[in-house]
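Data first, discussion second: the structure below is written as structure tokens.
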Amino acid sequence: MLCLGLLKLGVALLLVPTCCRAQNTTTQSLQADIVPLGALFTQSTPVTLTKSNTNFNSFVGTLTLSYRARTSQWWGQGAITLKATTDFAPAGGPSIANPPSQGDTFTYTCGGATLGASCSGTQTVSTTAATNVVTIGASACTGGGAPCSSANPNTANVSFTLTDDPNYKTGSYSATLTWTISAS
Amino acid sequence: MTNVLKTAPLLALALLLTASTAHAQYGDTGTTTVSVTIGPQAGLTITNSSTPLTAGGSNFNLFSGSTGLTYFVRTTTTGGGGSITLKVTSDFSPSGGPSVASPLTPADALSYTCIVASPGTACTGTQTASTSSQTNLASFGTNVHTTSSGSTASVDWTLANDPSYRTGTYNATITFTISAS
């Protein structure tokens with residue numbers, strides 16, 4: 001009788017470890033869609049145009065633009081453009097859309113883009129059309145080093161030049177420039 | 001065959017969605033305020049690099065000549081003004097001839113009259129040039145400006161032809177100053 005009881009206990013002990021080793025395996029897929037992106041950091045600091053002497057030289061000012069971008073492989077591209085969404089105000093001073101003299105211009109040059117190519121030559125700011133600042137090719141991306149840029153964020157310098165026309169009335173004038181970055 | 005017919009539309013839809021995502025453009029915008037302060041300003045250029053003074057006829061007629069200049073000016077909209085003045089900064093040399101600071105006789109003066117295009121106002125009458133003080137050529141009122149190509153002015157010089165002057169060539173330097181507020 002005792003032997004029969006010990007035998008049952010032994011069988012029970014043998015079964016316990018066996019049932020505790022039961023496992024269940026399942027899988028889950030993680031998917032990330034890496035899409036082309038472009039982002040600009042809003043330039044909160046106004047650009048003040050100044051001149052170095054008292055003659056009728058042009059007013060100049062420089063802005064450093066910060067951005068991040070990622071373009072698709074093979075056929076992707078991106079661009080940063082600039083457009084004057086508000087002309088100089090108040091009236092009587094410089095104007096992009098209706099300058100008081102024919103030779104009055106508000107222009108800029110680009111340089112030092114750490115991702116993409118800076119615009120070439122002298123560009124004229126317009127109130128009607130977006131003009132090029134940086135052109136980004138396919139398979140471009142910000143940060144982390146090759147194949148992306150080492151800089152993060154990327155930067156580009158834009159230098160503005162405004163004609164100083166004696167026709168301008170004295171006073172302070174402001175305009176708003178809108179930057180747009182796009183990527184595909 | 002039935003399975004293929006069921007999965008084909010799904011595959012097409014998936015391809016369409018993929019293509020749509022791939023060609024989508026993503027962008028962002030930011031704004032910058034550009035500001036400039038336009039202050040009063042003035043500048044000028046002398047049209048002729050030198051002004052020869054000549055005397056017509058064989059008598060002791062006065063020497064005369066003209067200096068042209070182009071000026072640019074912008075004065076403040078309220079309470080502004082400005083002027084163009086001139087000063088003899090280097091008297092005639094060498095010695096023995098005419099002199100602004102130490103004329104041989106009191107009548108041996110270097111004098112001038114002014115012609116000034118708008119928006120400037122020309123000096124009135126005949127002015128006597130000086131080595132010690134600025135003398136007026138033009139004046140500007142408040143809230144005036146030239147065009148971007150500037151305005152013109154000229155100074156018509158007259159120099160006494162004193163028989164006491166020794167023969168020779170004599171040079172003086174005149175400095176023009178334009179100011180605006």
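Couple of notes before you dig in:
- Being more than 13 Å from every other protein chain (Cβ to nearest Cβ) and β-branched (Val, Ile, Thr) is a property that holds for A:THR131.
- Subset of the range A:96-109 [touching a strand residue (DSSP E or B) at 6+ places or on another chain (Cβ under 7 Å) and more than 14 Å from every other protein chain (Cβ to nearest Cβ)]: A:ALA97, A:THR109
- A single member of B:GLY68, B:GLY97 is assigned to a strand (DSSP E or B) and either under 21 Å from B:TYR165 (Cβ atoms) or of a type outside the set (A, V, I, L, M) (or both), and it is B:GLY68.
- Subset of the range A:77-95 (residues that are outside any strand (DSSP E or B), buried (at least 21 other Cβ atoms within 10 Å of the Cβ) and more than 9 Å from chain B (Cβ to nearest Cβ)): none
- Among the numbered conditions (1) in a loop (DSSP other than H, G, I, E, B); (2) surrounded by 15 or more Cβ atoms within 10 Å (Cβ to Cβ); (3) among the hydrophobic types (A, V, I, L, M, F, W, C), the only one that A:ALA175 does not meet is (1).
- Residue match in the range A:147-159 (condition: at the interface with another protein chain (Cβ under 9 Å from one of its Cβ atoms), surrounded by fewer than 18 Cβ atoms within 10 Å (Cβ to Cβ) and either touching a strand residue (DSSP E or B) at 6+ places or on another chain (Cβ under 7 Å) or outside any loop (DSSP other than H, G, I, E, B) (or both)): no
- Scanning the range B:106-144 for residues that are closer than 19 Å to B:LEU53 by Cα, assigned to a loop (DSSP other than H, G, I, E, B) and not aliphatic (A, V, I, L, M) gives B:ASP108, B:THR126, B:SER130, B:THR131.
- Enumeration of residues in the range B:94-123 that are surrounded by fewer than 15 Cβ atoms within 10 Å (Cβ to Cβ) and over 22 Å from the mean Cα position of the chain (by Cα): B:PRO94, B:SER95, B:GLY96, B:ALA101, B:SER102, B:THR105, B:PRO106, B:ALA107
- Residue in the range B:131-151 that is nearest to B:VAL73 (Cα to Cα), counting only those that are among the β-branched types (Val, Ile, Thr) and away from every other protein chain (no Cβ under 14 Å): B:THR135
- Test for B:SER83: is it within 17 Å of the chain's Cα centre (by Cα), away from every other protein chain (no Cβ under 14 Å) and buried (at least 20 other Cβ atoms within 10 Å of the Cβ): yes
- Checked against the criterion of being within 21 Å of A:THR109 (Cα to Cα), exposed (fewer than 13 other Cβ atoms within 10 Å of the Cβ) and at the interface with chain B (Cβ under 7 Å from one of its Cβ atoms), the range A:32-44 has at least one qualifying residue.
- Taken over the range B:45-75, the criterion of being surrounded by fewer than 19 Cβ atoms within 10 Å (Cβ to Cβ) and either within 14 Å of chain A (Cβ to nearest Cβ) or among the acidic types (Asp, Glu) (or both) is satisfied by B:THR45, B:THR70.
Bear in mind that the values in this text are calculations on the coordinates, not laboratory data. Note that this is a predicted model, so its numbers are computed, not measured. As a convention, Cβ positions derive from the backbone with ideal geometry for all residues, glycine included, and neighbour counts pool all protein chains shown.
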